[in-house]
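Comments concern the structure below.
The values are calculated or read from the model by the stated rules, or taken from the named source; none is laboratory data. Treat the numbers as computed from the prediction; the structure is a model and nothing was measured. So basically every Cβ, Gly included, is an ideal-geometry build from the backbone, and we count neighbours across all protein chains shown. For accessibility, only protein heavy atoms count, side chains too; no ligands or nucleic acids. Shrake-Rupley method; radii C 1.70, N 1.55, O 1.52, S 1.80 Å.
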Amino acid sequence: MRGGLWQLGQSITRRLAHGDKKAVARRCFASEAELKKTVFHDFHVANGGKMVPFAGWSMPIQYKDSIMDSTINCRQNGSLFDVSHMCGLSLKGKDAVPFLEKLVIADVAGLAPGTGSLTVFTNEKGGAIDDSVITKVKDDHIYLVVNAGCRDKDLAHIEEHMKAFKAKGGHVSWHIHDERSLLALQGPLAAPVLQHLTKEDLSKLYFGEFRVLDINGSVCFLTRTGYTGEDGFEISVPSEHGVDLAKAILEKSEGKVRLTGLGARDSLRLEAGLCLYGNDMEQHITPIEAGLTWAIGKRRRAEGGFLGADVILKQLEEGPKIRRVGFFSSGPPPRSHSEIQDEGGKNIGEITSGGFSPCLQKNIAMGYVKSGLHKAGTKVKIVIRGKTNEGVVTKMPFVPTKYYKPS
């Protein structure tokens with residue numbers, strides 16, 4: 001599945017259009033019995049969701065509309081995603097903040113209560129174990145969400161360090177929110193639609209902020225964030241109320257907000273220039289190389305104190321040897337692992353994500369190139385199936401972001 005969500009969705013669409021449902025079943029449903037299912041599984045199927053294995057879960061790649069149409073509808077109206085395969089957890093205790101700061105690059109102590117940030121869990125070599133959105137609910141309560149494909153290693157990593165921390169007298173505990181499900185509501189209609197279901201004034205909740213509030217009669221964790229570049233929310237809802245909330249959101253939108261699958265989610269995040277862990281960020285890639293220098297708090301740059309800080313702070317001072325950049329290109333859309341060459345044909349890097357942008361109607365991609373060749377306007381060649389195609393380094397995001405921030 002690495003880097004292939006969009007491509008897989010297109011393949012399924014073509015096969016279903018030609019009546020080749022057996023081939024789809026062989027590829028996507030072979031291990032259905034072994035897959036975990038979210039509380040929304042039957043709801044997806046009833047609404048035409050085409051289910052595929054993803055990170056050990058049965059998840060919808062798309063619904064009745066195409067991935068192209070779903071992507072455009074998210075930017076014009078709105079999308080509702082089931083992201084319950086991701087893992088929400090809370091760290092609590094008077095030492096929750098200093099504990100987490102040993103594992104991530106963010107200035108957690110500097111966050112105001114009710115605010116959050118994207119951060120990266122690092123290893124001893126400065127590489128990325130995972131990226132995560134963390135929120136300081138209160139000084140003694142941190143809420144975070146980690147990627148589905150990284151759940152087991154992330155939880156093992158946190159637990160190992162928590163045991164050592166507590167053995168030295170630290171006060172911290174954790175709770176994994178398996179009793180909750182996650183929905184992501186994204187797009188220009190996200191706020192007006194959700195406002196119908198809560199008494200809280202959402203116009204006072206800005207990008208990156210968090211509240212515990214009543215939505216549709218349930219106590220929810222609401223974060224104004226997302227993975228599309230659009231304004232929107234991630235909603236942690238008690239699982240027994242999840243389907244009712246999804247139905248209420250769709251009903252209040254009068255059909256304009258649509259259920260949307262992983263295929264469009266992948267094209268939306270690529271258009272927004274956002275990393276997909278396992279493609280654009282891995283254990284050997286540092287946050288500096290990944291273009292996430294901004295996520296390292298000023299105090300953390302001065303003090304360090306997180307795993308791999310020596311490597312990362314050295315890169316901050318001297319500059320990294322490789323950098324993540326965006327590309328426009330001709331020919332077929334670039335794919336993960338496509339070789340990048342300079343104009344003379346010399347290897348300078350590799351594509352990590354790529355596809356055809358539904359909104360821009362052109363090929364877009366991101367990947368890593370040697371420093372010095374990372375500036376916008378640098379001409380490159382991208383090798384796809386043995387043939388070279390013209391490309392050019394470009395700034396990201398490809399599609400302007402529309403995060404809701406104070407004016």
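Taking a probe of 1.4 Å, how large is the accessible area per residue of the stretch 123-240, in Å²?
Spelled out: the 1.4 Å probe surface of the stretch 123-240, per residue, equals 41 Å².
Using a cut-off of 12 Å between beta-carbons, work out the net charge of the residues near residue 325 (Lys and Arg +1, Asp and Glu -1, residue 325 not included).
Within the 12 Å Cβ shell, the charges total +2.
So what is the relative contact order of the stretch 194-265, in percent, for Cα pairs below 8 Å that sit 6 or more residues apart?
Computed over the stretch 194-265, the figure is 22 percent.
Please build a GNM for the chain, connecting alpha carbons under 10 Å apart, and tell me which residue among 55, 302, 272 fluctuates the most.
302
Would you work out which of 58, 97, 315 lies farthest towards the positive end of the dipole of the chain? Charges go on Cβ: Lys and Arg +1, Asp and Glu -1.
Checked the options; the winner is 315.
When DSSP beta bridges are limited to those with both residues in the chain, what percentage is antiparallel, rounded to the nearest 5?
Of all bridge pairs located within the chain, approximately 95 percent are antiparallel.
Among the lysines, which have Cα under 16 Å from the Cα of residue 125 when same-chain residues fewer than 8 positions away are ignored?
Candidates past the 8-residue exclusion: 102, 314, 321.
When the helix-only estimate is applied to the chain (DSSP H runs of n ≥ 4, each -39,500 (n - 2.57), divided by the residue count), what is the mean residue ellipticity at 222 nm, nearest 500 deg cm²/dmol?
-7500 deg cm²/dmol
Compare the peptides 327-336, 312-321, 224-233 by average per-residue count of other Cβ atoms within 10 angstrom and give them in order, highest first.
Final packing ranking: 224-233, 327-336, 312-321.
Among 112, 33, 246, which one moves the most in a GNM of the chain with springs linking Cα atoms closer than 10 Å?
Among 112, 33, 246, the largest GNM mean-square fluctuation belongs to 33.
By its C-alpha gyration tensor, with a ≥ b ≥ c as the square roots of the eigenvalues, how is the stretch 313-407 shaped: rounded for a/c under 1.5, else prolate for a/b larger than b/c, else oblate?
It comes out oblate by the Cα gyration axes.
Mean-square fluctuation check for the chain, GNM, Cα pairs under 10 Å: which of 378, 38, 394 is largest?
Its mean-square fluctuation being the largest, the pick is 378.
Counting Lys and Arg as +1 and Asp and Glu as -1, each charge on the Cβ, what is the dipole of the chain about the Cα centre in debye, to the nearest 20?
The calculated dipole for the chain is roughly 900 debye.
Let me have the relative contact order for the stretch 297-407, percent, based on Cα pairs under 8 Å that are six or more residues apart.
27 percent
Could you pull out every residue, at least 5 positions away or on a different chain, whose amide H is within less than 5 Å of the one on residue 95? Hs are placed 1.01 Å off N in the peptide plane, and Pro or chain starts have none.
171
With a cut-off of 8 Å between alpha carbons and a minimum separation of six or more residues, what is the relative contact order of the stretch 89-168 in percent?
Reported as a whole number, the value is 29 percent.
Of the heavy-atom accessible surface of the stretch 203-261 (probe 1.4 angstrom), what whole percent is carbon and sulfur?
Taking all protein chains in place, the stretch 203-261 shows 47 percent carbon and sulfur surface.
So if I place +1 on the C-beta of Lys and Arg and -1 on the C-beta of Asp and Glu, and nothing else carries charge, what would the dipole magnitude of the stretch 207-294 be about its Cα centre? I want it in debye, nearest 20.
200 debye
Among rounded, prolate and oblate, which fits the stretch 221-303 when a ≥ b ≥ c are the square roots of the eigenvalues of its C-alpha gyration tensor, a/c under 1.5 means rounded, and a/b larger than b/c means prolate?
prolate
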